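Just so it is clear, none of the values below were taken in a lab; they were calculated from the coordinates. No experiment lies behind these values; they were computed from the predicted model shown. Cβ coordinates were reconstructed from backbone atoms using ideal geometry, including for glycine residues, and neighbour counts include every protein chain displayed.
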Amino acid sequence: MIEFSNYDILRNLLFATQWTILLSLAAFIGGTTVALTLTAMRLTRNPAMQRIVKVYVELFQGTPLLMQMFLCFFGLSMLGYEISAWGAAILSLTFFTSAFLVEIWRGCIDTLPKGQWEASRCLGLSFLQTLRHIILPQAIRVATAPTVGFSVQVIKGTALASVIGFVELTKVGTMLNNATFEPFKIFTLVALIYFMLCYPLSLYSKHLEKKFNVSR
Amino acid sequence: MLYFSDLLQYSDVFLSALKTTVELTVLTTILGVVLGTVCATVRQYGNRAGQRVVSVYVELIRNTPFIVQLFFIFFGLPAIGMMLSPWEASMIALTINLGAYSTEIIRAGLASISKGQIEAAKVLGLNFRQTLTRVIFIPAFEKIYPALTSQCIIVMLGSAVISQISVQDLTYAANLVQSRNFRAFESYLVTALLYLGLSILLRFAFNALGKRLFAYRTSN
Amino acid sequence: MSLVNLHQVHKYYGDHHVLKGIDLDIKAGEVVSIIGKSGSGKSTLLRCINGLEQYQEGGITVDGKEVTTEDIQVRRLALSVGMIFQNFNLFPHMTVGENVMLAPTIVLKKSKAEAEATARAMLEKVGLAEKFDSFPEKLSGGQQQRVAIARALAMSPKVLLCDEITSALDPELVGEVLKVLEQLAKEGITLVLVTHEMNFARDVGSRVVFMHQGKVWEQGDSKTILSNPQTDELKQFMGAVL
């Protein structure tokens with residue numbers, strides 16, 4: 001059996017953290033892109049489009065992220081689509097992230113007073129002009145804090161990729177645990193690393209929220 | 001091709017798994033909200049030390065993944081002498097997790113109650129406990145009820161992770177069945193739909209409960 | 001020739017019959033004050049004229065063109081109808097100048113220089129030339145409402161609709177906004193106002209329309225009708241206001 005010094009443990013965990021960060025970034029980028037598309041679909045005021053978005057949100061908010069990962073990983077390959085753990089993790093985290101972000105952003109757009117739409121209409125602005133010049137600039141300001149806040153959920157969500165065998169922080173934690181039999185130490189360290197990734201984002205989100213509330 | 005009929009013979013496996021998930025959800029929802037209520041009260045009205053302790057608890061839980069919390073409790077705690085069964089570890093982990101989130105939510109509700117309400121209660125001679133239970137809690141909970149119940153549903157869905165320490169919940173059943181009949185897609189799809197049904201059902205139940213709890217609004 | 005014409009306009013909110021056959025004809029240069037209790041349908045009437053609300057029966061024309069709530073129609077309408085709201089509805093993320101310049105640049109496709117010149121002229125007119133680079137939140141309510149007027153004027157509308165534009169203001173700020181309106185009236189701009197300012201209606205307005213229960217109950221020359229109301233309802237209303 002190989003002996004692991006504390007240094008070895010930490011080094012391995014930190015190395016794995018890179019993959020957690022990378023997966024989080026990929027999921028966040030994928031999620032925001034899909035969420036933007038869904039938000040646009042919802043804003044078209046076309047009932048069919050709005051229905052699609054509603055079902056999408058219901059499906060991905062109403063089922064466990066872990067189950068979505070299983071479906072993407074084992075399910076798709078069963079159906080003949082070969083997919084890596086990395087691909088399945090990104091795919092399912094993108095679904096998960098976008099389903100929540102589209103709802104968060106809807107809330108932000110809905111908080112803008114109806115008068116902003118009416119005034120734009122009375123000045124002769126088209127729907128797209130209103131969106132671009134009036135609604136989005138204001139909605140983005142409102143949405144920044146909760147979006148940053150949600151990125152914490154994305155980072156935590158990546159931990160589930162360990163279950164389908166993607167080697168990131170949590171997976172390396174369980175592997176090290178199997179090798180060293182020091183679960184208390186290892187899972188404390190793993191938790192601390194996650195905390196150090198997430199807490200600054202939580203603080204930043206709170207800070208943004210305060211700043212925004214003051215400026216109103 | 002999809003073969004859902006291959007799943008039929010496992011219906012009792014799914015049923016008993018569903019029972020486990022539901023039992024754990026009901027139990028941890030109650031315990032978690034109680035824990036959250038206590039912590040939120042301390043956080044809002046308690047002394048400095050109490051507020052600090054609650055803050056640290058909330059931030060630690062909210063900024064680490066549930067699966068790591070679960071592993072820490074199930075694998076880590078026995079190393080310092082606390083043996084727990086998978087079921088016990090799951091229940092504790094889920095309660096602690098929901099407790100932290102509901103602390104934040106409930107505290108926002110408490111903060112929304114105007115000082116005037118509390119002063120009015122004081123002037124009428126109510127003590128602190130009476131003020132809390134009779135004057136503050138009901139409107140505070142009414143305000144945050146939608147957020148709180150959504151969080152309960154999120155925690156229910158998150159409970160899928162406890163299959164990883166071999167609690168025989170829905171996800172565990174899905175893994176078991178697909179390992180026997182090699183129908184991964186069907187098995188996971190059916191399980192995902194069961195979870196979806198459960199979350200829709202929970203939302204209905206919470207709405208119905210909310211109508212009863214806050215009936216004073218409509219009864220006049 | 002009439003600028004705004006309403007013919008037997010009916011409007012329902014579900015089962016609620018809000019406008020019960022409105023006939024109204026407004027000529028260019030008139031200053032029409034619409035008065036009445038809250039719930040009498042006066043704001044709804046105004047919002048029907050610029051297509052913000054749909055009506056179910058009858059017809060409305062502005063400058064000879066029919067009014068509908070269809071997006072494209074409303075936008076064309078915006079070229080001839082300006083609207084000022086009770087809550088200003090300025091765009092908070094833009095400076096005063098940008099608020100006024102926005103529609104001329106992107107709707108009328110004016111050049112930036114031309115739009116800026118118009119914006120400065122309009123702000124001058126409402127007495128706020130020096131606030132060009134300020135943000136709306138830094139202004140008082142009265143100043144914000146004057147910016148809203150300048151914003152509407154920058155589109156050179158044929159008629160300006162004002163929906164209780166002094167109701168959200170502190171009493172001491174009402175005067176400055178009314179003064180701007182008075183000046184506009186003198187310049188011959190057609191104004192249709194829903195208002196509670198009886199003095200203004202009498203002294204500046206040319207006509208008063210009293211609405212009651214979704215109908216035009218009584219109307220006429222502003223000085224005559226307010227000093228000598230015919231119906232009991234208007235008498236009662238004036239007793240309550242004064």
Check: C-alpha center region A:67-109 vs C-alpha center region B:39-55, spacing in Å is 38
Dipole-positive endmost among A:Leu136, A:Phe150, A:Ala26 within region A:11-215 (Cβ charges, Cα centre): A:Leu136
Sparsely packed GluC sites (Glu not before Pro) within region C:168-222, loop by DSSP, other Cβ within 10 Å at most 11: C:Glu187
With +1 on the Cβ of every Lys and Arg and -1 on the Cβ of every Asp and Glu, the dipole magnitude of chain C about its Cα centre, in debye rounded to the nearest 20, is 340
Let me confirm one metric for peptide B:181-192, namely the mean number of other chain beta-carbon atoms within 10 Å of its residues' beta-carbons. 5
In Å, the C-alpha Rg and Dmax of region C:141-237 are 14.2, 42
How about A:Lys211: which lysines have a C-alpha closer than 19 Å to its C-alpha, ignoring those fewer than 8 places off in the same chain? C:Lys138
Roughly how many whole Å is it from the C-alpha centroid of region C:123-139 to that of region C:142-163? 13
Nearest-0.05 FRET efficiency for A:Asn213 and B:Thr133, computed from C-beta distance (R0 30 Å): 0.45
Which of B:Gly210, B:Pro146, B:Asn175 sits closest to the plus end of the dipole of region B:145-220, meaning its Cα is farthest towards the positive end, when Lys and Arg get +1 and Asp and Glu get -1 on the C-beta? B:Gly210
Beyond 24 Å between alpha-carbons counts as too far, so tell me which of A:Lys156/A:Lys185; A:Lys114/C:Lys125; A:Lys206/C:Lys131; A:Lys210/C:Lys131; C:Lys27/C:Lys112 fall in that bin. A:Lys114/C:Lys125; A:Lys206/C:Lys131; A:Lys210/C:Lys131; C:Lys27/C:Lys112
Taking the simple approach of a point 7 Å from Cα along Cα-to-Cβ for both A:Asn6 and B:Leu126, what is their distance in nm? 5.3
Can you spot the lysines whose alpha carbon is less than 20 Å from C:Lys109's alpha carbon? Ignore those fewer than 8 places along the same chain. C:Lys158
Only helices at least 15 Å long along their axis, Cα-based, and averaging -0.5 or more on Kyte-Doolittle count here, so list those DSSP H runs from chain C. C:96-106, C:141-153, C:171-186
Can you give the mean number of other chain Cβ atoms that lie within 10 Å of the Cβ atoms in peptide A:158-164? 4
DSSP bridge orientation in the protein assembly as shown - percent antiparallel, rounded to nearest 5: 55
Dimensionless Rg/Rh of region B:1-106 - Kirkwood Rh, Rg from C-alpha atoms: 1.13
With the crude spin-label approximation of a point 7 Å out along Cα→Cβ, what separation in nm comes out for B:Asn181 versus B:Glu88? 3.6
Computed over region C:26-95, Kirkwood Rh from alpha-carbon pairs, angstrom: 13.8
Once phi for every residue in region C:50-65 is put through the Karplus expression 6.51 cos²θ - 1.76 cosθ + 1.60 (θ = phi - 60°), the whole-Hz ³J(HN,Hα) values, with Gly and Pro written as x, are 9, x, 6, 10, 8, 10, 9, 9, x, x, 10, 10, 10, 6, x, 9
Return, ordered by residue number, the residues of region B:95-121 whose backbone nitrogen is under 16 Å from a label point located 7 Å along Cα→Cβ of B:Val53. B:100
Positive end of the charge dipole of region C:88-156 (Lys, Arg +1 and Asp, Glu -1 on Cβ, about the Cα centre): tell me which of C:Gln144, C:Met94, C:Leu108 has its Cα farthest that way. C:Leu108
Size of the dipole of chain B about the Cα centre, Lys and Arg at +1 and Asp and Glu at -1 on the beta carbon, nothing else charged, in debye to 20? 980
Assign unit charges at the C-beta atoms only (+1 for Lys and Arg, -1 for Asp and Glu), then state the dipole size of the protein assembly as shown relative to its Cα centre in Debye, rounded to the nearest 20. 680
Let me understand region C:88-156 better: what is its radius of gyration from the alpha carbons, and its Dmax, in angstrom? 10.5, 31
Semi-axes of the equivalent ellipsoid for region A:109-192, Cα gyration tensor, largest first, Å: 50, 12, 7
Percent of alpha-carbon pairs separated by more than 37 Å within the protein assembly as shown: 53
Regarding region B:94-206, what whole-number volume in Å³ per residue does the convex hull of its Cα atoms give? 105
Quick one: 3J(HN,Hα) in Hz for region C:10-23, Karplus 6.51/-1.76/1.60 with θ = phi - 60°, rounded, Gly and Pro as x. 10, 9, 10, 9, x, 8, 7, 8, 8, 10, 10, x, 8, 10
Once amide hydrogens are built 1.01 Å from N within the peptide plane, the residues lying 5 or more places from C:Ser2 or on another chain with amide H under 5 Å from its amide H are none
Estimated FRET transfer efficiency (B:Phe214, A:Tyr199; beta-carbon r; R0 45 Å; 0.05): 0.80
So which GluC sites (Glu not before Pro) in region A:66-119 are both in a DSSP loop and have at most 13 other Cβ atoms within 10 Å of their Cβ? A:Glu82
I'd like the distance separating the alpha-carbon centroids of region C:1-23 and region C:195-224, in whole Å. 18
Dividing the convex hull volume of the alpha carbon atoms of region A:11-215 by its residue count, what do you get in Å³ per residue? 134
Counting only helical runs of four or more DSSP H residues, what would the 222 nm mean residue ellipticity of the protein assembly as shown come to if each run contributes -39,500 (n - 2.57) and the total is spread over all its residues? -20000 deg cm²/dmol
Within 10 Å of the Cβ of an average residue in C:146-158, the count of other chain Cβ atoms is 1
What residues have an amide H closer than 5 Å to that of C:Glu218, excluding those fewer than 5 places away on the same chain, when H is modeled at 1.01 Å from N in the peptide plane? C:Phe210
Taking the alpha-carbon distance from B:Lys122 and a cut-off under 26 Å, which lysines remain once sequence neighbours fewer than 8 residues away in the same chain are dropped? B:Lys143
Could you give the alpha-carbon Rg of chain B over 2.2 N^0.38 Å, rounded to two decimals? 1.21
Simple SL model, points at 7 angstrom along Cα→Cβ for C:Ser167 and C:His7; separation in nm is 3.1
Calculate the FRET efficiency for B:Ala111 and C:Glu137 from the Cβ-Cβ distance with a Förster distance of 25 Å, rounded to the nearest 0.05. 0.50
Are there DSSP H segments in chain B that both extend 15 Å or more along their axis (alpha-carbon positions) and score a mean Kyte-Doolittle hydropathy of at least 0.5? List them, or say none. B:11-45, B:86-111, B:137-158, B:184-213
What is the mean projected area of the alpha carbon convex hull for chain C, to one decimal in square nanometres? 13.1
